[in-house]
1. Are any residues in the range 76-115 touching a helix residue (DSSP H, G or I) at 6+ places or on another chain (Cβ under 9 Å), without any contact (Cβ under 8 Å) to a residue 60 or more places away in the chain and small (Gly, Ala, Ser), and if so, which ones?
2. Which of the numbered conditions does Arg78 fail, given that it passes all the others? Conditions: (1) among the basic types (Lys, Arg); (2) touching a Cys at 6+ places or on another chain (Cβ under 9 Å); (3) under 22 Å from Ser2 (Cβ atoms).
3. Farther than 19 Å from Tyr148 by Cα and at pLDDT 95 or above: is that true of Ser39 in this structure?
4. So in the range 76-115, with the set limited to residues that are acidic (Asp, Glu) and farther than 18 Å from Gln140 by Cα, which one is modelled with the lowest pLDDT?
5. Quick one: which of Lys28, Lys12, Lys67 is out of contact with any Ser or Thr (no Cβ under 8 Å at 6 or more places or on another chain), at pLDDT 95 or above and under 19 Å from Glu132 (Cα atoms)?
6. If the requirement is being without any contact (Cβ under 8 Å) to a residue 12 or more places away in the chain, closer than 19 Å to Gln142 by Cα and hydroxyl-bearing (Ser, Thr, Tyr), which of these qualifies: Ser51, Ser73, Ser2?
7. Keeping to the range 46-64, report how many residues are part of a helix (DSSP H, G or I), surrounded by 14 or more Cβ atoms within 10 Å (Cβ to Cβ) and not hydrophobic (A, V, I, L, M, F, W, C).
8. Scan the range 107-141 residue by residue and report those that are outside any strand (DSSP E or B) and aromatic (Phe, Trp, Tyr).
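The values are calculated or read from the model by the stated rules, or taken from the named source; none is laboratory data. On a predicted model such as this, the values are computed, not experimentally measured, just so you know. Cβ placement follows ideal geometry from the backbone for every residue including glycine, while neighbour counts extend to all protein chains displayed.
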Amino acid sequence: MSIAAATIDCLKQHRLLLTTAESCTAGKIITLLSQVEGSGACIECGYVVYSEEAKQRLLGVSAYTIKTFNLTSCEVAREMAQGALRDSPAQVAVATTGLLGPDSIDGIPPGTVCFAWAYHLNGAVKVFSRKERFIGSREQVQVLAAEYALKGVVRFLDEAVGR
């Protein structure tokens, strides 16, 4: 079973809707999920927010956070995920922001991706984040990051519900 199919099964089992806020993965997370039959019952919406301005305007990421921590930061990813949840009836959000390459920017090496997973369950929001580095072409990094993001949806759900 693919990670996308396992994620859809998990969302269906728990009767959860998912939204995404994708920068460097550019919609790959939603694309992988949409390839699974019946996934429409679990996908609410997906944002692709490449620019700093789009992250601020559409998801409410603060200019202070971007300036202080950089666009490729767990802090920005966390605000992206929380912003996607605020604007959606979904209970689960996953966000990605990072550098595909080929060059380093501000000392951040290519292939660096920051992730956040936010869960709005039982009246509370819990957010988890991670920073990873993937090696490969732009497309390979996008796919690896999207798959990692999906694994996190399932991985952090137990912690989010307090199990």
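1. Across the range 76-115, the qualifying residues are Gly101, Gly111.
2. For Arg78, the failing item is (3).
3. In short, no.
4. Asp87
5. Just one listed residue meets the conditions, Lys28.
6. Residue meeting the stated conditions: Ser51.
7. 3
8. Within the range 107-141, just Phe134 meets the criteria.
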